[in-house]
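Okay, structure first, notes after.
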Amino acid sequence: MTRSEVRKLARRGKLIDESFKVFQRTVYPGAPDDQVQAMRICFFAGAAELFALMHAGLDDGLSETDGDLAFMEQWVNELERFHKRTNDTMTAGGRQQ
C-alpha cells in the first residue's frame with residue numbers, strides 16, 4: 001500500500017482490517033470462516049500489543065530520543081529476522097509467496 005492509501009484507510013478506521021485481509025488472502029487463501037475469524041482476532045491482538053509495547057518502551061516527552069530510535073530499530077530488526085526466516089522456510093519447501 002502507498003502512504004496515501006495507508007493514511008486514507010487509517011482515517012476511515014480500516015487500516016488494520018484491510019491489512020488483515022491482505023495477510024489472510026496472501027498467506028491463508030481459502031481458509032474456513034471459523035479459522036479466518038480466529039486469525040482476525042489474533043491479528044488485531046498482535047497489532048494492539050505492538051502499539052502498547054511501543055508506547056511503554058518510548059522515553060517520556062514529545063520529541064524522539066536516541067533511546068527511542070534504538071528501541072524502534074531493535075524491534076524492527078526482530079520482525080525482519082522473523083520475516084526472513086519465514087520466507088526462507090517457505091521457499092525451501094517449494095512454496096513461493
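Take Ala10 and tell me if it is under 15 Å from the mean Cα position of the chain (by Cα), assigned to a helix (DSSP H, G or I), at pLDDT 90 or above and not aromatic (Phe, Trp, Tyr). Yes, satisfied. Just to be sure I understand, how many residues within segment 43-57 are closer than 24 Å to Met90 by Cβ and either among the hydroxyl-bearing types (Ser, Thr, Tyr) or surrounded by fewer than 11 Cβ atoms within 10 Å (Cβ to Cβ) (or both)? Residues meeting the conditions: 1. If you check Thr26, Thr65, Thr2 for being over 13 Å from the mean Cα position of the chain (by Cα), open to solvent by less than 50 Å² (accessible area, probe 1.4 Å) and of a type in the set (Ser, Thr, Tyr), only one passes: Thr65.
With respect to Asp60, determine if the residue is open to solvent by 90 Å² or more (accessible area, probe 1.4 Å) and not in a helix (DSSP H, G or I). Yes, satisfied.
The values are calculated or read from the model by the stated rules, or taken from the named source; none is laboratory data. Please read these numbers as outputs of a predicted model, since none were measured by experiment. FYI the Cβ positions are ideal-geometry reconstructions off the backbone, even for glycines, and counts take in every protein chain you see. Side chains are part of the model used for accessible areas, which takes the heavy atoms of the whole protein and leaves out ligands, DNA and RNA. Shrake-Rupley method; radii C 1.70, N 1.55, O 1.52, S 1.80 Å.
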